[in-house]
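Novice: What follows is a structure written as structure tokens; I'll ask about it next.
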Amino acid sequence: MRKLCFWIVMGAVMGLIFGCAVTPPAPTPACGSSPVLDRILSRGELRVGMSGDMPPFTMTNREGKLIGLDVELATLIANTMKVKLNLKRIGFTELLPALEAGRIDLIISNMTIIPERNLKAVFVGPYFTSGKGLLTRRITLADVVQMRELNSSQFTFVTVKGSTSESAVRSAAPLAINLAADSIDQAVQAVVDGTADAMIAGYPVCFVAAFRHRDAGLVPVKAPITYEPIGIAMPRGDPHLANWLENLLHSLEKAGYMKKMKDKWFDHLDWLDELK
């Protein structure tokens, strides 16, 4: 029976992806034993929190609308559940508190799965693997291959408050000065202004920032210098929802849809024109 349900969901996902009219719709998960999922279905709305400032995962365009890989993934999840999607832009450090307080149902916001966060929330995935990157105006820093090479008092770095980048600098480069920024945009500006030698953040974020600010002479590190699994965070105590999400992500991966999303947001940068 479980195998049958899985393949029904798989068929529905393929229909969403390729627009196949004869594919049966995805079954709505049954209520009764899943507190978070029951709440979503009874409300008819999925509330997803994201920071909105980490291109190409989540970003805000000129009209103030959230776009990106994470937005597309959240939309697909809501559509498969047959509920309305309510995207909530929340500062990165406030995302987990908002999830714990019940103000949002999921976090899809380029969030790395780490033990400390996993104590507060359940993580599904990873749906993407990334690593730490570096954005700088100093060509020599762009050749770094390991975090320990940054452990020098001559360097000043900037990271987003509460991020794994902030923790990485503190643990791997304790001699360096680390400035805390409220957002990626603020961190990038610190590098542009020369306040910091480099910003440390997710490699894709650094790559996009370098492209957007190429007139300022910014360059990213040549390759990720750490490994980071990116996942969907959800409240504790709902194994049914976790299982449903895991099966959906698996179906999307096998159907090739995750690759299509990654190609769209990482290889084709037409969406850059939509940003401020």
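Novice: Within the range 37-84, how many residues turn out to be free of Cβ contacts under 8 Å to residues at least 24 places away in the same chain and not β-branched (Val, Ile, Thr)?
Specialist: 6
Novice: Follow-up. Going by the structure shown, is residue 177 of a type outside the set (Ser, Thr, Tyr), in contact with a helix residue (DSSP H, G or I) (Cβ under 8 Å, 6 or more places away or on another chain) and not assigned by TED's automatic domain parsing to the domain that holds residue 258?
Specialist: Answer is no for this residue.
Novice: When both residues are 6+ apart or on different chains and their Cβ atoms are under 7 Å apart, which pairs have a first residue that lies in the range 120-136 and is among the aliphatic types (A, V, I, L, M), and a second that is surrounded by fewer than 17 Cβ atoms within 10 Å (Cβ to Cβ)?
Specialist: 121/236; 122/236; 124/246
Novice: Related question: Residues that are touching a residue at least 24 places away in the same chain (Cβ under 8 Å), in a loop (DSSP other than H, G, I, E, B) and surrounded by fewer than 20 Cβ atoms within 10 Å (Cβ to Cβ): does the range 181-192 have at least one?
Specialist: yes
Novice: Turning to a different aspect of this structure: Return the residues of the range 175-190 that are touching an Asp or Glu at 6+ places or on another chain (Cβ under 8 Å), hydrophobic (A, V, I, L, M, F, W, C) and closer than 16 Å to residue 202 by Cβ; say none if nothing qualifies.
Specialist: 184
Novice: Now for a separate question. Residue check, residue 90 against (1) at pLDDT 95 or above; (2) loosely packed, with under 15 Cβ neighbours inside 10 Å, all met but one. Which one?
Specialist: (2)
Novice: Run residue 215 past the list (1) assigned by TED's automatic domain parsing to the domain that holds residue 111; (2) without any contact (Cβ under 8 Å) to a residue 12 or more places away in the chain and report the number of the one that doesn't hold.
Specialist: Only one criterion in (1) assigned by TED's automatic domain parsing to the domain that holds residue 111; (2) without any contact (Cβ under 8 Å) to a residue 12 or more places away in the chain is unmet by residue 215, namely (1).
Novice: Let me ask something else about it. When you go through 216, 201, 209 one by one, which is the residue that is within 24 Å of residue 90 (Cα to Cα) and at pLDDT below 90?
Specialist: 209
Novice: Which of the following residues is over 20 Å from residue 187 (Cα atoms) and either among the aromatic types (Phe, Trp, Tyr) or touching a strand residue (DSSP E or B) at 6+ places or on another chain (Cβ under 9 Å) (or both): 92, 57, 128?
Specialist: Unique residue meeting the criteria: 128.
Novice: It is to be established whether one or more residues within the range 140-153 are within 25 Å of residue 214 (Cβ to Cβ), assigned to a loop (DSSP other than H, G, I, E, B), under 20 Å from the mean Cα position of the chain (by Cα) and not aliphatic (A, V, I, L, M).
Specialist: The answer is no, given that none of the residues of the range 140-153 is within 25 Å of residue 214 (Cβ to Cβ), assigned to a loop (DSSP other than H, G, I, E, B), under 20 Å from the mean Cα position of the chain (by Cα) and not aliphatic (A, V, I, L, M).
Novice: Also, quick follow-up: Looking at (1) out of contact with any Gly (no Cβ under 6 Å at 6 or more places or on another chain); (2) surrounded by fewer than 17 Cβ atoms within 10 Å (Cβ to Cβ); (3) aromatic (Phe, Trp, Tyr), which is the only condition residue 227 fails?
Specialist: Among (1) out of contact with any Gly (no Cβ under 6 Å at 6 or more places or on another chain); (2) surrounded by fewer than 17 Cβ atoms within 10 Å (Cβ to Cβ); (3) aromatic (Phe, Trp, Tyr), the lone unmet condition for residue 227 is (1).
Novice: Let me ask another. Here are the criteria: (1) surrounded by 23 or more Cβ atoms within 10 Å (Cβ to Cβ); (2) without any contact (Cβ under 8 Å) to a residue 40 or more places away in the chain. Tell me which single one residue 243 does not satisfy.
Specialist: For residue 243, the failing item is (1).
Novice: What single numbered condition from (1) buried (at least 18 other Cβ atoms within 10 Å of the Cβ); (2) part of a loop (DSSP other than H, G, I, E, B); (3) not aliphatic (A, V, I, L, M) fails to hold for residue 159?
Specialist: Only one criterion is unmet by residue 159, namely (2).
Novice: Given the criteria under 21 Å from residue 93 (Cα atoms), assigned by TED's automatic domain parsing to the domain that holds residue 261, modelled with pLDDT under 90 and of a type outside the set (A, V, I, L, M), does residue 27 qualify?
Specialist: Here the answer is no, as residue 27 does not meet what is asked.
The values are calculated or read from the model by the stated rules, or taken from the named source; none is laboratory data. Remember, predicted model here, so these are calculated numbers, not experimental data. Using ideal geometry, Cβ is built from the backbone for each residue, glycine included, and neighbour counts are taken over all protein chains shown.
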